[in-house]
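Structure first, then comments.
The values are calculated or read from the model by the stated rules, or taken from the named source; none is laboratory data. Note that the structure is a prediction, hence the values are computed from the model and not measured. When we count neighbours, we look across all protein chains shown, and the Cβ atoms used for this are built from the backbone with ideal geometry, even at glycine.
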Amino acid sequence: MAQDAPDQTKYEFDVFISHASEDKESIVRRLVTLLVGYGYQVWYDEFSLSLGDSLRRSIDAGLIKSRFGAVVLSHSFFKKNWPQYELDSLNAISIATGEKRILPIWHEITYREMVGYSPYLADKVSIQSNVSDDDLLVGFIKALGPPPNILRKQSISVTFNGHRIQVCPWCLSPITTSGQYLGYGDSYWEQHCQSCRWADSGVS
């Protein structure tokens, strides 16, 4: 599932969130909530910076201690100095280590516009910010691998060949669902992963 992921034991954070402050309300807080809710350790300025901290030193430390950098690319991003400083730093770390470090999220920006800002970033496999929460989360699970302590217990609904399917929240394998009618409008259901030990059940 995850490909060539760095050794998790070397890092304090799974992912550093690089973004423009203008995009917090429209996408960034949603992304952070998804990642933290799944069990990832996230470096995010709203809860990683304290009053009086040196911004540059804090950002440098966060980047060095993070396995990956999730870069929310938007028009606002390319107009701001600090986000581009973070991007340049991630590029430098990637070159020095030989490891993939940048996970691009395109936010309200087209391919043509991205090429105008950065042909290098336009060529990278990315994810659009307007996908569903589960599709956005799965993009990160594929890149990061599952965290040691997965907090999410429910199956994940993803798009596959134009259809929505349910997959395991632990390994992203397809799951089977069975049910039994209990009467009075209630049904008991069970879900089982075909590849690992995950299972879930409930009444609906």
* **Selection within the stretch 29-77 - closer than 15 Å to ARG101 by Cα and in a loop (DSSP other than H, G, I, E, B)** => LYS65
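Each row is one residue, and each column tells you yes or no for (1) closer than 21 Å to ASP23 by Cα; (2) of a type in the set (Lys, Arg).
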site: SER129; (1), (2): yes, no
site: LYS142; (1), (2): no, yes
site: SER173; (1), (2): no, no
site: THR176; (1), (2): no, no
site: TRP189; (1), (2): no, no
site: GLN194; (1), (2): no, no
* Structure fact -> The lone condition ALA92 fails out of (1) in contact with a His (Cβ under 6 Å, 6 or more places away or on another chain); (2) loosely packed, with under 15 Cβ neighbours inside 10 Å is (1)
* **Filtered residue count, the stretch 100-131, keeping only those that are under 15 Å from ALA70 (Cβ atoms) and surrounded by 12 or more Cβ atoms within 10 Å (Cβ to Cβ)** => 15
* Selected residue (criterion: surrounded by the fewest Cβ atoms within 10 Å (Cβ to Cβ)) from residues of the stretch 17-39 that are of a type outside the set (Gly, Ala, Ser) and within 15 Å of PHE77 (Cα to Cα) -> GLU25
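Can you find even one residue in the stretch 71-87 that is acidic (Asp, Glu) and out of contact with any Ser or Thr (no Cβ under 6 Å at 6 or more places or on another chain)? Steps first, please.
Looking only at the stretch 71-87, we keep the residues that are acidic (Asp, Glu), and these are 86.
Checking the rest, the ones that are also out of contact with any Ser or Thr (no Cβ under 6 Å at 6 or more places or on another chain) come to none.
No, every residue in the stretch 71-87 fails to be acidic (Asp, Glu) and out of contact with any Ser or Thr (no Cβ under 6 Å at 6 or more places or on another chain).
For SER54, are the conditions met, namely being of a type in the set (S, T, N, Q), surrounded by 14 or more Cβ atoms within 10 Å (Cβ to Cβ) and assigned by TED's automatic domain parsing to the domain that holds LEU136?
On the way: of a type in the set (S, T, N, Q): yes; surrounded by 14 or more Cβ atoms within 10 Å (Cβ to Cβ): no; assigned by TED's automatic domain parsing to the domain that holds LEU136: yes.
For SER54, the condition - of a type in the set (S, T, N, Q), surrounded by 14 or more Cβ atoms within 10 Å (Cβ to Cβ) and assigned by TED's automatic domain parsing to the domain that holds LEU136 - is not met.
List the strands (runs of 3 or more DSSP E) inside the stretch 83-195, counting only whole elements, that have at least 3 residues being under 27 Å from TYR11 (Cβ atoms) and at pLDDT 95 or above.
Details: elements: 102-106, 156-160, 163-167, 175-183, 186-193.
Ranges flagged: 102-106.
So which of ILE165, ILE141, ILE175 is in contact (Cβ under 8 Å) with a residue 40 or more places away in the chain and under 27 Å from LEU31 (Cα atoms)? Quick ask: steps written out before the conclusion?
Working: ILE165 fails: in contact (Cβ under 8 Å) with a residue 40 or more places away in the chain; ILE175 fails: in contact (Cβ under 8 Å) with a residue 40 or more places away in the chain.
From the options ILE165, ILE141, ILE175, the qualifying one is ILE141.
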* To do: Taking the options SER118, SER132, name whichever one is over 23 Å from GLN191 (Cα atoms) and of a type in the set (S, T, N, Q).
  => SER118
